[in-house]
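Below is one structure, written out as structure tokens; the observations come after it.
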Amino acid sequence: MNYVMHFCRNKKCNNGWIDKDLTNAKVNPPDWKYCRECAEKLGIDYDKQTPTSNLTPAELEHRNKIVERALLASKTRQQKIKSASTVRG
Ligand SMILES: [Zn+2]
């Protein structure tokens, strides 16, 4: 498990901390999680937050689209590899 710098989802909050990298963040520090203070204020269980638990329905839909596209792209890639090996074999 990698650890990365996280920023609080609350844009007015400047808290940052090192936490588990659940989104495979390479460049931008993740900000899907509220810091302990903000989570407490909002009545959210800090430890139960997931990369999607705080998303609004619109954000969730947007995320799903990205995931779908990524899946489709990897499927297409696999098919290409398969057909390439069929030609060779
Ligand atoms: Zn915060």
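For TYR3 and GLN78, calculate 0.36 nm times their separation in residues minus their Cα-Cα distance, and state this gained length in nm to one decimal.
Numbers: separation 75, 0.36 × 75 = 27.00 nm, distance 3.04 nm.
Going from the current span to full extension adds 24.0 nm.
Per residue Cα convex hull volume for the chain, in cubic angstrom?
Working: hull volume 11.1 nm³, N = 89.
Residue-normalised Cα hull volume stands at 125 Å³.
Tell me the relative contact order for the chain as a rounded percent, counting alpha carbon contacts under 8 Å between residues six or more apart.
Numbers: 76 pairs, mean separation 18.3, N = 89.
Computed value for the chain: 21 percent relative contact order.
For the chain, what is the number of Lys pairs with C-alpha distance below 15 angstrom, counting only pairs 8 or more positions apart or on separate chains?
Working: LYS11/LYS33; LYS11/LYS41; LYS12/LYS33; LYS12/LYS41; LYS20/LYS33; LYS20/LYS48; LYS33/LYS41; LYS33/LYS48.
Final tally of qualifying lysine pairs is 8.
With +1 on the Cβ of every Lys and Arg and -1 on the Cβ of every Asp and Glu, and nothing else charged, how large is the dipole of the chain about its Cα centre, in debye rounded to the nearest 20?
Details: 17 positive and 10 negative charges, 130 e Å.
Rounded to the nearest 20 debye, it is 620 debye.
Count charges around LYS20 for me, please; just the other residues with Cβ under 12 Å from its Cβ, Lys/Arg as +1, Asp/Glu as -1.
Values: positive: LYS33; negative: ASP19, ASP21, ASP47.
Net local charge, LYS20 excluded: -2.
Placing +1 on the Cβ of each Lys and Arg and -1 on the Cβ of each Asp and Glu in the chain, which of ALA39, SER74, SER53 has its Cα farthest towards the positive end of the resulting dipole?
So the residue we want is SER74.
Mind checking the chain for trypsin sites (Lys or Arg not before Pro) that DSSP puts in a loop (not H, G, I, E or B) and that have at most 12 other Cβ atoms within 10 Å?
Values: sites: ARG9, LYS11, LYS12, LYS20, LYS26, LYS33, ARG36, LYS41, LYS48, ARG63, LYS65, ARG69, LYS75, ARG77, LYS80, LYS82, ARG88; in loops: ARG9, LYS11, LYS12, LYS26.
When the trypsin sites (Lys or Arg not before Pro) of the chain are filtered for loop state and at most 12 Cβ neighbours within 10 Å, LYS11, LYS12, LYS26 remain.
A short reminder: the numbers here are calculations on the coordinates, not readings from a lab. Since we're looking at a predicted model, the values are computed, not measured. Note that each Cβ is placed from the backbone with ideal geometry, even for glycine, and that neighbours are counted across all protein chains shown.
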